[in-house]
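Since every read-out is calculated from the coordinates, none of them should be taken as a lab result. None of the values given here were measured: they were computed from a predicted structure. When we count neighbours, we look across all protein chains shown, and the Cβ atoms used for this are built from the backbone with ideal geometry, even at glycine.
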Amino acid sequence: MRGALPRIFSFAGTDMKIIQLTDTHLMPPGIPANGVDPEARLRAAMSDILGRHADADLLVITGDLCNHGDAEAYALLREILAPTPFPVRLLLGNHDRRPEFAAAFPDHPRDSNGYIQSVLDTDSGRLLFLDTHEAGVIGGIYGADRLAWLDAALAEAGPAPVTVFVHHPPVADGIRHFRDISLHDDGALLARLVAHSAGVRHIVFGHIHMPLSGTSPEGIPYSSGQSCTHRFITDLTLPDPWWTDGNPTYRILLIDELGFRAFTVEVGQVPTVRAPICEGP
């Protein structure tokens, strides 16, 4: 790796509010993906985010931004995200195309090899944004050149813990459909993270289109967000699970004195009865 690690900004403050969207799978306007209108889902999610979370510090979309990597779909993504008043970090997934993404987002940070990965230093530790996209591969690739970048990013973090954002899960998820299409790195990425002496606060990923949380055998906590658009009916054993519809979702990620917390928001829920105030004991 050559040159300084790319950043957008440094966040000063011990509390962070991050919004995570994932697997938005945008198509050119009016074209559905797996029976769902991804543009309508993303617009609804962004309307809710901007209306309720204007105080957020960062928006992260953890990959599969567009379903086929069309230039028209990336232009649509750029238009939908334009009103966002806080910084945005975009990751690439297997459905994306790096050249088309780079043309639509020429100023988005990348490393010296052109991978869409970068760091963000905060008072709560370093955030790492990784690029596991490889053209023509459904699973993720994180080869020697990307590992060299990660080694430098972890070394430069020093005594700061890291929080990792990535599309493909670097851990075994136990879902049959994803058995052969997760990260193809023989555990190299996770081994680097385990070796970071200051610790890994959390690994945040997408790809699997369903919520998942757990802890790796090495003790590193991880979780995925629900897809903003089409998602799977949860079945851990089917190699060919069913897609289904549903309300758009996103997550609120908080890093503060309580540690790391993730809350899922479902857009469009209908209130029924207000709960009473509970004052204890």
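Need one number: convex hull volume per residue for the stretch 123-281, Cα atoms only, in Å³. Mind showing how you got there, number by number?
On the way: hull volume 26.4 nm³, N = 159.
So the per-residue hull volume is 166 Å³.
Set against the 2.2 N^0.38 Å expectation for a compact globular protein, the stretch 65-174 has a Cα radius of gyration ratio of 1.11. Ordering A135, P159, T264 by Cα displacement along the dipole of the chain toward the positive end leaves P159 in first place; charges were set at the Cβ atoms of Lys, Arg (+1) and Asp, Glu (-1). Using Cβ point charges alone (K and R +1, D and E -1), the dipole size of the stretch 68-164 about the Cα centre works out to roughly 80 debye.
About its Cα centre, the dipole of the stretch 16-266 is roughly 260 debye, where the only charges are +1 on Lys and Arg Cβ and -1 on Asp and Glu Cβ.
Looking at the stretch 177-281, which GluC sites (Glu not before Pro) are in a loop (DSSP not H, G, I, E or B) and have at most 13 other Cβ atoms within 10 Å?
Filter output for the stretch 177-281: E218, E257, E279.
Taking amide H as placed 1.01 Å from N in the peptide plane, the amide H of G225 sits under 5 Å from that of F205, each at least 5 places away or on another chain. The convex hull defined by the C-alpha atoms of the stretch 149-222 has an orientation-averaged projected area of 4.8 nm².
Taking only the Cα atoms of the stretch 211-255, how large is their convex hull per residue, in Å³?
Details: hull volume 3.5 nm³, N = 45.
Roughly 78 Å³ of hull volume per residue.
How big is the Rg/Rh ratio for the stretch 19-86, C-alpha atoms only, Rh by Kirkwood, two decimals?
On the way: Rg = 11.7 Å, Rh = 12.2 Å.
Over the Cα atoms of the stretch 19-86, Rg/Rh equals 0.96.
Measuring gaps between exposed loop sites in the chain (trypsin sites (Lys or Arg not before Pro); DSSP loop; at most 10 other Cβ atoms within 10 Å), the longest gap, sites not included, is 3-273. Computed over neighbours whose Cβ is under 14 Å from that of T62, the net charge equals -2, Lys and Arg +1, Asp and Glu -1. Highest mobility in the GNM of the chain, judged by mean-square fluctuation with C-alpha springs under 10 Å and restricted to G225, G139, G214, is found for G214. Converting phi to 3J(HN,Hα) with the Karplus coefficients 6.51, -1.76 and 1.60 and the offset θ = phi - 60°, the stretch 189-196 yields 5, 4, 4, 4, 5, 4, 6, 6 Hz in sequence order, with x at every glycine or proline. Of the chymotrypsin sites (Phe, Trp or Tyr not before Pro) found in the stretch 174-270, those in coil by DSSP whose Cβ has at most 14 other Cβ atoms within 10 Å are W242.
Considering only alpha-carbon pairs that sit under 8 angstrom and 6 or more positions apart, the relative contact order computed for the chain is 21 percent. Taking the DSSP beta bridges with both ends in the chain, the antiparallel portion is around 55 percent.
Here the stretch 182-232 is treated as an ellipsoid with the same Cα gyration tensor; its semi-axes, largest first and in whole Å, are 23, 13, 8.
Calculated FRET efficiency, V273 and R52, Cβ-Cβ r, R0 22 Å, to nearest 0.05? Could the numbers behind the result be given before it?
Values: r = 21 Å, r/R0 = 0.96.
Computed FRET efficiency for V273 and R52: 0.55.
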